[in-house]
């Protein structure tokens, strides 16, 4: 009987070990997930980032799935819940994420068309419109999202510095992404709006006019989740991207075709969230 019990115990140990190995293999086999910021519509975002993701898949020998969220709030929540391994964040959403998620590791910043690792927000209007900033009540302001850096936060600053007007005295609404801000103004649905300068320039041929730009802000950043990725894998991803030849990345999407720079975490630490957010309203006022 003792011999049988020992045999049973050994068998249970073997089964437990086998199941543990299977579980670990299953975890390793889970595709990596990449979350892009909701700057544009879904199709445009997929086209923008697919070349980079395909390149990483080939170099890593792993599959990478897109994890798309329409709202920054949902993107941050998914990252906190470890549903995201890699993400493309603007400075305000990243600084907000890092307040409550120490596993968010900035890897690299994406350079702008001028080769610098910084960008500006722009206050825009339709070129043929004559804006009367004295009639605050009649002006409608198009915004991206509450947590978008070029949304309420920077548009408030731009209106104050350009026209000495408070956004709270105007009608404003959130449209979701930068493309919608540009198109809503071109269609005549809004008089003015706030958006990323580089995206605004894409719509200048359709009549969009840049009135004023912000100070230089930290660039969009590739962020890794240290809870789901090992230090070795994070270091490898960073190495792969830094070593990409220019002739490769210059064929990628508009926002990611100018190369990468090392991150300086102090750039993000200097973004004082409590001061920048200005108690950002979560909904428009009309």
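Each value in this text was obtained by applying a stated rule to the coordinates, not by laboratory testing. Please read all numbers here as calculations on a predicted model, not as lab measurements. As a convention, Cβ positions derive from the backbone with ideal geometry for all residues, glycine included, and neighbour counts pool all protein chains shown.
Data overview
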read-out: Computed lengthening from residue 44 to residue 135, 0.36 nm per intervening residue step minus Cα-Cα distance; value: 29.1 nm
read-out: Cβ-Cβ FRET estimate between residue 100 and residue 57, R0 fixed at 30 Å, reported to 0.05; value: 0.50
read-out: Distance in nm between pseudo-label sites at residue 82 and residue 243 (7 Å out along the Cβ direction from Cα); value: 3.0
read-out: Share antiparallel - DSSP beta bridges, the stretch 121-215, percent rounded to 5; value: 60
read-out: Rg/Rh for the stretch 121-215, where both radii come from Cα atoms and Rh is the Kirkwood radius; value: 0.91
read-out: Order by protection proxy (mean Cβ within 10 Å, highest first), peptides 215-222, 32-39; value: 32-39, 215-222
read-out: Gain in span if fully extended, residue 68 to residue 187, counting 0.36 nm per residue against the direct Cα distance; value: 40.1 nm
read-out: Using a Förster distance of 41 Å, the FRET efficiency for residue 251-residue 161 (Cβ separation, nearest 0.05); value: 0.65
